[in-house]
Amino acid sequence: MRTIVVLMDTLRRDLLTCYNSKTDCKNENISAFANDSCRFDNHFVGSMPCMPARRDIFTGRLNFLERSWGPIEIFDTTLPKVLFQKGNIRSHMITDHAHYFRIGGENYCQQFNTYEFFRGQESDPWVSLIDDPWMPENYYGDVKRQYQCNKTRFTSEEEYSSVKCFDSAMKWVDENKGARDFFLMVETFDPHEPFDVPQKYLDMYEDDYDGPYFDLPVYHKIDDETDEAMEHLRKRYKALITMTDHHFGKFIQKLKDADMYEDTMIILTTDHGYCLGEREYIGKNYMPAFNELANIPLLIHFPHHEYAGKCITQITQNIDLMPTILDYQNVEIPSSVTGHSIRTIMEKKEKIHEYALYGTFGLSVNVFDGRYTYMRGGRDQNQLYEYTTSLTTIRNWLGKDIPQEIECGHFLPDVPYPLYRVPSYHNAIVKDPTYVNTDHLFDIVEDYGQTREIKDTSIISYMEQLMIKAMKENHAPNEQYQRLGFK
């Protein structure tokens with residue numbers, strides 16, 4: 001069977017028409033695709049942000065309970081490897097996500113039989129200019145010199161790296177027309193920040209902003225950013241969705257023209273969402289895991305339009321993508337996988353999850369039962385360790401400043417290899433611990449926007465027990481219970 005995953009980074013579901021008919025964000029191609037697909041309404045992240053989310057997708061198990069940000073481990077069993085080793089199904093990745101090629105992103109692309117990488121996103125060390133490129137004097141947020149260097153190569157829409165990803169995917173379809181069994185992953189860093197987009201897409205949103213430069217927010221609570229600047233930022237984000245949607249539509253049309261659409265499973269999702277001023281938050285990685293971050297889109301085009309137009313309300317997560325793809329490809333699901341095949345929902349009408357467990361390493365642990373979302377913050381942040389066979393993390397070496405405190409041993413019962421255990425004093429992701437130690441409870445059936453805190457102690461007690469159960473079933477290290485104040 002043919003399987004294609006399209007992963008758009010930082011894609012908020014409430015700006016997609018198929019989830020929110022009132023949005024003014026233009027995404028007609030995703031909307032058309034949704035009409036041919038099954039929509040999942042209670043689909044949640046597992047681990048956040050970028051690389052932790054991808055480790056979830058690749059391995060079918062949660063990363064955030066034991067690791068902040070790191071590579072594929074020696075003990076990981078990954079989707080592309082299993083497809084090839086057990087099913088002789090070849091895989092190919094097309095991406096412009098620079099984190100795969102930075103320290104801390106090792107061995108993700110190498111799981112595929114082949115891969116292609118397009119340069120230039122964010123601070124990808126690509127374009128070398130000894131003299132400074134154009135740099136704005138007045139700006140909100142941040143301006144990265146390296147990205148300003150990279151931008152000198154983006155003289156037309158066709159030269160943006162996310163556009164090149166879709167162009168490459170269309171070329172790949174031409175070169176593999178008629179192929180029956182494969183796994184193709186098409187991944188675009190857009191609409192991740194910086195929200196850099198050709199002017200014609202901004203014009204669609206009548207953007208007439210005339211203030212300081214603003215396309216790369218700093219993750220923080222709104223400080224000196226004006227209302228006009230925040231509205232401009234939102235328009236930039238929506239414009240970037242619109243550009244990504246346009247080229248996604250071209251790719252889908254290419255599949256149709258090649259007669260490779262009708263009988264192909266096509267999955268569209270993201271790794272996490274983003275806060276654009278809700279509750280005064282901008283960005284991610286430091287605030288509670290509100291729905292803007294955690295409740296993400298999932299659209300699946302099943303072969304021959306089966307289940308087209310159907311909406312699923314059962315709980316699903318990104319850890320379910322691996323077992324689902326293996327199941328439909330008739331390849332045995334490894335015992336290490338804690339996610340479940342969505343096929344059970346579709347064919348047996350049975351739920352696959354009692355809960356969704358999700359979070360960012362070092363921040364709150366969160367559980368959703370289909371109605372209530374409970375977020376539990378850390379009581380003792382010193383009770384936290386990272387476990388790994390490779391001492392790398394995002395752009396850095398893990399534990400480099402505390403070598404005397406790194407231990408090595410058999411710490412995780414399900415892992416046969418000796419591991420480094422590194423105290424997480426300096427979390428690689430969490431820079432601002434201000435919002436770590438807070439608890440929240442919401443009824444998202446009655447209050448999807450999570451604006452009304454629930455103080456009912458009986459519900460809190462029930463959700464605490466559900467969280468403990470979920471953590472046990474997902475092999476949380478013992479100290480996570482201590483950190484959260486569970487006895």
* Structure fact -> Taking the chain and counting helices only, DSSP H stretches of n ≥ 4 at -39,500 (n - 2.57) each over all residues, the nearest-500 ellipticity at 222 nm comes to -7500 deg cm²/dmol
* Structure fact -> For the range 1-98, the Cα-Cα pair-distance distribution in 10 Å bins from 0, as whole percents, is 12, 35, 36, 15, 1
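How many percent of DSSP beta bridges within the chain run antiparallel, rounded to 5?
Values: 32 of 62 bridges.
Antiparallel bridges make up about 50 percent of those DSSP assigns within the chain.
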* Cα centroid of the range 335-378 to Cα centroid of the range 63-80, whole Å -> 18
* Compute the Cα gyration tensor for the range 287-405, then decide on rounded, prolate or oblate, letting a ≥ b ≥ c be the square roots of its eigenvalues: rounded whenever a/c is under 1.5, prolate when a/b is larger than b/c in the other cases, and oblate in all that remain. => prolate
* Whole-Hz couplings from phi, Karplus 6.51/-1.76/1.60, listed for the range 10-23; x for Gly and Pro -> 6, 9, 7, 6, 6, 9, 9, 4, 5, 9, 9, 5, 8, 5
* Label the chain by shape, choosing from rounded, prolate and oblate, from the square roots a ≥ b ≥ c of the eigenvalues of the Cα gyration tensor; if a/c is under 1.5 it is rounded, and otherwise prolate applies when a/b is larger than b/c, oblate when it is not. => rounded
* Apply the Karplus parameterisation 6.51 cos²θ - 1.76 cosθ + 1.60, with θ equal to phi minus 60°, to every residue of the range 192-205 and state each ³J(HN,Hα) to the nearest whole Hz, in sequence, with x for glycine and proline. => 4, 5, x, 7, 9, 8, x, 4, 4, 6, 5, 4, 5, 10
* Structure fact -> When Asp203, Asp167, Asp320 are ranked with the fewest other C-beta atoms within 10 Å first, the list becomes Asp203, Asp167, Asp320
* For each of Asp14, Asp196, count neighbouring Cβ atoms within 10 Å of the residue's Cβ, then give the residues from fewest to most. => Asp14, Asp196
* **For Leu202, Leu15, order by how many other beta-carbon atoms lie within 10 Å, fewest first** => Leu202, Leu15
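Every number here is computed from the coordinates shown, using simple stated rules; none is lab data. Note that the structure is predicted; figures quoted are calculated from it, not measured. Neighbour counts are summed over all protein chains in view; Cβ atoms, including those assigned to glycine, are modelled from backbone coordinates with ideal geometry.
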